[in-house]
Amino acid sequence: MTRWTVLPERFDTSDATALRRDYYADVASSYWGRPATEAEIDEGLADDGVARLACPTGEFVVGRHDGAVAACGGVLLLDAERAELTRVFVRPAFRGTGGGAALLTALEDAAGRLGARRMVLNTRLDLLGARALYARQGYREIPAYCEGPYMDVWYGKELVDRDGAAAEGGAAA
């Protein structure tokens, strides 16, 4: 049986950096309809705010499938109630193996430890696999909570503790 482990890791380790490069190449290439160049990847990662994905404002995680570096993601506190999912990525060779669900569970747990009661995210319409993953994991479309050039749809989810109780508060937004 294959197993996933998803653990906090600094965003600047060699494994995390390689995953972040693969993430940017994947989403940029999809958007542009052609492979992103190394220079474009470097530019996209420069000053991208990833340093905020560390305590006390966030967390970055790396997922490994049977020890192989396979996935990453981050959570960023937006305010006292909400955390945002960001940089959620599973390498193509590992998609369909449960890594997306394992990644989201770890990130939701991290958001809860940081004090968030709701998780929100934004994504693009063309990222169909990501959108399907979010829907399977209980995320629902919400009104826009931010603006940007690569944002087409917004999702939210009330966080629950691992005993199944919903976090206090209203609808995710």
Matching residues in the stretch 59-72 - criterion: being surrounded by 12 or more Cβ atoms within 10 Å (Cβ to Cβ) and on the phi > 0 side of the Ramachandran plot: D66
Matching entry among D22, D15 (being within 23 Å of R124 (Cα to Cα) and surrounded by fewer than 20 Cβ atoms within 10 Å (Cβ to Cβ)): D22
Do the conditions hold for A80, that is, is it surrounded by 17 or more Cβ atoms within 10 Å (Cβ to Cβ) and under 27 Å from C146 (Cβ atoms)? no
Working only within the stretch 35-49, note down all residues that are under 24 Å from L125 (Cβ atoms) and either open to solvent by less than 100 Å² (accessible area, probe 1.4 Å) or in contact (Cβ under 8 Å) with a residue 60 or more places away in the chain (or both). A36, E40, I41, G44, L45, D48, G49
If a residue must be within 15 Å of the chain's Cα centre (by Cα) and modelled with pLDDT of 95 or more, how many such residues does the stretch 18-51 contain? 4
Unmet criterion (only one of (1) touching a Lys or Arg at 6+ places or on another chain (Cβ under 6 Å); (2) of a type outside the set (S, T, Y); (3) closer than 25 Å to A18 by Cβ) for M119: (3)
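The values are calculated or read from the model by the stated rules, or taken from the named source; none is laboratory data. Since the structure is predicted, the reported quantities are computational estimates derived from the model, not experimental observations. Neighbour counts run over all protein chains shown; Cβ positions are idealised from the backbone, glycine included. Side chains are part of the model used for accessible areas, which takes the heavy atoms of the whole protein and leaves out ligands, DNA and RNA. Shrake-Rupley method; radii C 1.70, N 1.55, O 1.52, S 1.80 Å.
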